[in-house]
1. I116 is checked against (1) in contact with a strand residue (DSSP E or B) (Cβ under 8 Å, 6 or more places away or on another chain); (2) of a type in the set (A, V, I, L, M); (3) open to solvent by less than 10 Å² (accessible area, probe 1.4 Å) and fails just one. What number does that condition carry?
2. Inside the range 66-180, counting only helices (runs of 4 or more DSSP H) that do not spill past its ends, which hold 3 or more residues that are farther than 18 Å from K54 by Cα and either charged (D, E, K, R) or touching a residue at least 24 places away in the same chain (Cβ under 8 Å) (or both)?
3. When both residues are 6+ apart or on different chains and their Cβ atoms are under 8 Å apart, which pairs have a first residue that lies in the range 15-27 and is over 9 Å from P118 (Cβ atoms), and a second that is among the charged types (D, E, K, R)?
4. Test of understanding: among K94, K110, which residue is modelled with pLDDT of 95 or more, open to solvent by 70 Å² or more (accessible area, probe 1.4 Å) and closer than 11 Å to Y29 by Cα?
5. Output the number of the condition that L45 fails; it satisfies all remaining conditions of (1) in contact with a Leu (Cβ under 8 Å, 6 or more places away or on another chain); (2) under 24 Å from F20 (Cα atoms); (3) of a type in the set (A, V, I, L, M, F, W, C).
6. Considering only residues that are more than 14 Å from S9 (Cβ to Cβ) and aliphatic (A, V, I, L, M), look in the range 63-87 and name the one that is surrounded by the most Cβ atoms within 10 Å (Cβ to Cβ).
7. So, of the residues in the range 97-128 that are more than 12 Å from the chain's Cα centre (by Cα) and β-branched (V, I, T), which turns out to be nearest to I139 (Cα to Cα)?
8. Starting from residues that are part of a loop (DSSP other than H, G, I, E, B) and at pLDDT below 95, keep the ones in the range 14-52 and report whichever is least open to solvent (accessible area, probe 1.4 Å).
Amino acid sequence: MLEVYHAGSQTVGKISSGEFAKKWLVLFYYPADFTFVCPTELADLNRFYAEFKKYDAEVVAVSTDTVYTHKAWLETEELLKGIKFPMAADHNGKLSKEIDIYNEETGMAKRAAFIIDPNGVLRAADIVSDSIGRSAAEILRKLKAFYFVRKHPGNVCPANWEEGQETIKPSIKNAGKVYK
């Protein structure tokens, strides 16, 4: 269970994994509020938030800051005006330690994104250096691919697959002939 700040309603609440049963969850960890790369990532996620919602997904941004720091940051940083997704506080680092993304030296979580399916199964995990921002469009592309193959069993999505493009039906007949 994590404390969460909802910017739209300016309320604080709690969330747990059970709230996301039957929904896709994008758990988006970032190192800290009032930093330099992080607001660019959250602004990018916000730009695509409505598209994530179309795929029955919720985005939750998480850092080891408090909900009060989240509120102050959202009110201060112009890039973050209008953030629509909840911002969770893993202030004691308990969850980030459990999922092995906690940096003991800095006391912050690593820059990590997780896509969890409606059954609670982890489908993607991406951890990058703190100096490199992530692309919300790529996270969304992965979510769309997972969503597609869940709805169309027996299909797989090739590299760089975008919605509407052809997929592949694995079979022994296609082995060694994917180019066709």
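The values are calculated or read from the model by the stated rules, or taken from the named source; none is laboratory data. Here the structure is a predicted model, which means the values were calculated and not measured. Neighbour counts are summed over all protein chains in view; Cβ atoms, including those assigned to glycine, are modelled from backbone coordinates with ideal geometry. Ligands, DNA and RNA are excluded from the accessible area calculation, which covers all protein heavy atoms including side chains. Shrake-Rupley method; radii C 1.70, N 1.55, O 1.52, S 1.80 Å.
1. Here I116 meets the rest and fails (3).
2. Values: elements: 67-76, 94-98, 136-151.
Helices (runs of 4 or more DSSP H) meeting the threshold: 67-76, 94-98.
3. So the pair list comes out as V26/E58.
4. Details: K94 fails: closer than 11 Å to Y29 by Cα.
Answer to the check: K110.
5. (1)
6. At the first step, the residues of the range 63-87 found to be more than 14 Å from S9 (Cβ to Cβ) are 63-66, 68-69, 72-73, 75-81.
Then drop every residue that is not aliphatic (A, V, I, L, M), which leaves 72, 79-80.
Details: A72: 14, L79: 15, L80: 20.
Step by step, filter the range 63-87, then rank; the result is L80.
7. Only one residue tops the list, namely V128.
8. So the first thing to find is which residues in the range 14-52 are part of a loop (DSSP other than H, G, I, E, B), and the list is 16, 21-23, 30-37.
Then drop every residue that is not at pLDDT below 95, which leaves 16, 21-22.
Numbers: S16: 40, A21: 60, K22: 147 Å².
Among residues in the range 14-52 that are part of a loop (DSSP other than H, G, I, E, B) and at pLDDT below 95, the one least open to solvent (accessible area, probe 1.4 Å) is S16.
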